[in-house]
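Notes to accompany the following structure.
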Amino acid sequence: MMGLTKISVLSKLIIPMALLGISCEKQNNNGIEEAPVISTVETTLQKEMPFKMGAAVNVSLLKNNTNYRNLVVKEFNSITAENAMKFASVHPSKDTYTWSEADYLVDFAITNGKRIHGHTLNWYKSLPDWVTKFQGTTAEWENLLKTHIQTVVSHFKGKVVSWDVVNEAINEDGTFRNSIWVQKLGVDYIGRAFQYAHEADPGALLFYNDYGHEFGPTKRTAIINLVNNLKGQGIPINGIGLQMHTRVTQTDSNLAAAISTAAATGLLVHISEIDIALNPDNNQSLTYTTDLGVQQAAKYKAVVKAYNAIPKAQQFGITQWNVTDGDSWIPSNYSRPDWPLPFDAQYRRKPAYQGILDGVK
Ligand code: G3I
C-alpha cells in the first residue's frame with residue numbers, strides 16, 4: 001500500500017511495542033479481548049530516500065497556500081528557490097537589492113530543518129533591463145558580474161549551503177551559448193564566476209548547472225569537458241547539476257548515461273530540476289490516463305535507480321522542479337496540458353511517487 005508503512009508484526013514484542021507507543025492487546029470492561037491498536041508511520045520522500053530530496057519552491061505559494069506549504073514541509077529536506085534568488089528578483093536596479101522573498105524562503109528552510117540550494121548566480125535569462133541595457137567597458141562588466149555574485153553570496157553566507165554558479169552556458173550543439181556574458185566578457189568569465197563565489201563564501205559548494213545531458217553525447221560531452229577544464233585549472237567547482245527536464249519517451253539508457261558520465265568527473269552530482277513530461281508533443285486534447293501514470297512511474301524509477309548506483313559520496317540529492325502538477329512551469333510555458341511531477345494538482349501522490357521509492361529498492 002503506497003503511503004503508509006504498517007507496523008504489523010510486533011504482537012509478541014511487548015517491550016519494543018511499548019517503546020514505540022503501540023498499545024498491546026488488553027481486555028475491555030466486558031472482559032472481551034480487543035485487537036491491538038496498530039500505529040502507522042507515514043512514508044515520506046525525505047524519510048525513505050538515502051539522499052536529499054528537494055523541490056523548487058514558489059515563495060508566493062509557500063506563503064499563501066497551506067496545502068502546498070504542508071506538502072513541502074512533509075516530503076522534502078532540500079529547497080531550491082524557483083525564482084526568488086535570480087538576478088532580476090534580488091537585484092532589480094544597479095544599486096538596489098531586494099531580499100525579502102529569498103529571505104522568507106531561507107528562513108522557512110532553516111526553521112524547518114531543510115537544506116537550501118541557491119539558484120542561480122549567473123544565467124542569460126531573468127536579467128533585469130538595467131543589465132541587458134548596460135553600456136560599459138569590459139572592466140565595468142567584470143565589476144558588475146563580480147559585485148552581483150559576491151553581494152548575493154555574502155548575503156546568504158552560512159545559510160545557503162550550495163549555489164548554481166553558472167546556469168546553461170552550453171548550446172545543444174556543444175558550443176558555448178553566445179550569452180550577454182560571453183559577448184561582454186568571453187567564455188573565461190565562467191571560471192571567474194566560480195572564483196568570485198568562492199571568495200565570498202569559501203564554505204559554499206559550487207555547481208555548474210545545465211539541461212540536456214540525456215539528449216545524447218554532443219551536449220553532455222561539451223558540459224563534461226567544460227567542468228573538467230575548470231577542475232584542471234584549479235577553479236573551485238564542487239558539483240555538476242543535471243536539470244533533467246525530461247520526457248516519458250526518453251530512453252533509460254540515455255538517462256543512465258547522463259548520470260554516470262557526470263559521476264565520472266568525481267564531482268558531486270545533483271539532479272537539480274527533474275520533471276518528466278507526459279505530453280512533449282503538445283497535444284492539446286491529451287488527458288492523464290492510468291497508463292501514462294504507469295509509464296511515468298517507470299521513468300522516475302529508472303532515473304532514481306541510475307542515481308542510486310553512483311558513489312554515495314557524490315549524491316548531492318534529487319530536486320524536482322516545482323511541487324505538484326498544478327504549479328509546474330511546463331503547462332504555462334508550453335501552453336499545453338501536462339502532468340510532469342510525482343504529485344497531482346490536488347496534492348495527492350501519483351504512481352510516479354512510488355516509482356521514486358522503487359528506484360532505491
Ligand atoms: O513576476 C512576474 C510578474 O510580475 C509578471 O506579471 C509576469 C508576466 O509574465 O511575469 C512574472 O515573472 C515570471 C516569473 O517566472 C515568475 O512567475 C516570468 O515572466 C517568467 O519568465 C518566469 O519563469 C521562470 C523561468 O525559469 C525564467 O526565470 C519559471 O517560473 C521557472 O520555473 C523557470 O525555471 C527554470 C530554471 O530557473 C532554470 N532551468 C529551467 C527552468 C524551467 O524553465
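The values are calculated or read from the model by the stated rules, or taken from the named source; none is laboratory data. Bear in mind the structure is a predicted one, so any value in this text is a computation, not a measurement. Methodologically, a virtual Cβ is constructed for each residue, glycine included, from the backbone with ideal geometry; neighbour enumeration extends over all protein chains shown. Side chains included, ligands, DNA and RNA excluded: accessible areas come from the protein's heavy atoms. Shrake-Rupley method; radii C 1.70, N 1.55, O 1.52, S 1.80 Å.
Under the condition of being assigned to a strand (DSSP E or B) and not small (Gly, Ala, Ser), which residue from the range 91-129 is nearest to residue 76 (Cα to Cα)?
So in the range 91-129, the residues assigned to a strand (DSSP E or B) come out as 93, 96, 115-122.
Those left that are additionally not small (Gly, Ala, Ser): 96, 115-117, 119-122.
Details: 96: 32, 115: 9, 116: 11, 117: 13, 119: 17, 120: 20, 121: 23, 122: 26 Å.
Selected residue: 115.
Output the residues belonging to the range 320-347 that are aliphatic (A, V, I, L, M) and either part of a loop (DSSP other than H, G, I, E, B) or away from the ligand (no atom under 16 Å from the Cβ) (or both).
323, 341, 345, listed by residue number.
Conditions (1) polar (S, T, N, Q); (2) open to solvent by less than 10 Å² (accessible area, probe 1.4 Å); (3) in contact with a Gly (Cβ under 8 Å, 6 or more places away or on another chain), marked per residue:
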{"position": "68", "(1), (2), (3)": "no, yes, no"}
{"position": "82", "(1), (2), (3)": "no, no, no"}
{"position": "86", "(1), (2), (3)": "no, no, no"}
{"position": "138", "(1), (2), (3)": "yes, no, no"}
{"position": "145", "(1), (2), (3)": "no, yes, no"}
{"position": "155", "(1), (2), (3)": "no, no, no"}
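Can you pull out the residues in the range 199-225 that are over 16 Å from residue 270 (Cβ atoms) and either within 16 Å of the ligand (Cβ to nearest atom) or touching a helix residue (DSSP H, G or I) at 6+ places or on another chain (Cβ under 9 Å) (or both)?
In the first step, residues of the range 199-225 are kept if they are over 16 Å from residue 270 (Cβ atoms); the result is 199-203, 215-219, 221-222, 225.
199, 200, 201, 215, 216, 217, 219, 221 - these are the residues of the range 199-225 that are over 16 Å from residue 270 (Cβ atoms) and either within 16 Å of the ligand (Cβ to nearest atom) or touching a helix residue (DSSP H, G or I) at 6+ places or on another chain (Cβ under 9 Å) (or both).
Of these, 86, 74, 63, which one is over 24 Å from residue 318 (Cβ atoms) and either free of Cβ contacts under 8 Å to residues at least 60 places away in the same chain or not assigned by TED's automatic domain parsing to the domain that holds residue 326 (or both)?
63
Suppose we filter the range 238-263 for residues that are farther than 21 Å from residue 125 by Cα, part of a loop (DSSP other than H, G, I, E, B) and free of Cβ contacts under 8 Å to residues at least 60 places away in the same chain; how many remain?
4
Can you tell me which of 152, 160 is within 16 Å of the ligand (Cβ to nearest atom), more than 30 Å from residue 250 (Cβ to Cβ), part of a loop (DSSP other than H, G, I, E, B) and in contact (Cβ under 8 Å) with a residue 24 or more places away in the chain?
Working: 152 fails: part of a loop (DSSP other than H, G, I, E, B).
Checking each option against the conditions leaves just 160.
Yes or no, residue by residue, for (1) of a type in the set (S, T, N, Q); (2) part of a loop (DSSP other than H, G, I, E, B); (3) open to solvent by 50 Å² or more (accessible area, probe 1.4 Å):
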residue: 265; (1), (2), (3): yes, yes, no
residue: 274; (1), (2), (3): no, no, no
residue: 283; (1), (2), (3): yes, yes, yes
residue: 291; (1), (2), (3): no, no, yes
residue: 306; (1), (2), (3): no, no, no
residue: 310; (1), (2), (3): no, yes, no
residue: 313; (1), (2), (3): no, no, yes
residue: 318; (1), (2), (3): no, no, no
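Within the range 116-130, restricting attention to residues that are surrounded by fewer than 24 Cβ atoms within 10 Å (Cβ to Cβ) and either away from the ligand (no atom under 11 Å from the Cβ) or not assigned by TED's automatic domain parsing to the domain that holds residue 81 (or both), which residue is nearest to the chain's Cα centre (by Cα)?
Among residues in the range 116-130 that are surrounded by fewer than 24 Cβ atoms within 10 Å (Cβ to Cβ) and either away from the ligand (no atom under 11 Å from the Cβ) or not assigned by TED's automatic domain parsing to the domain that holds residue 81 (or both), the one nearest to the chain's Cα centre (by Cα) is 128.
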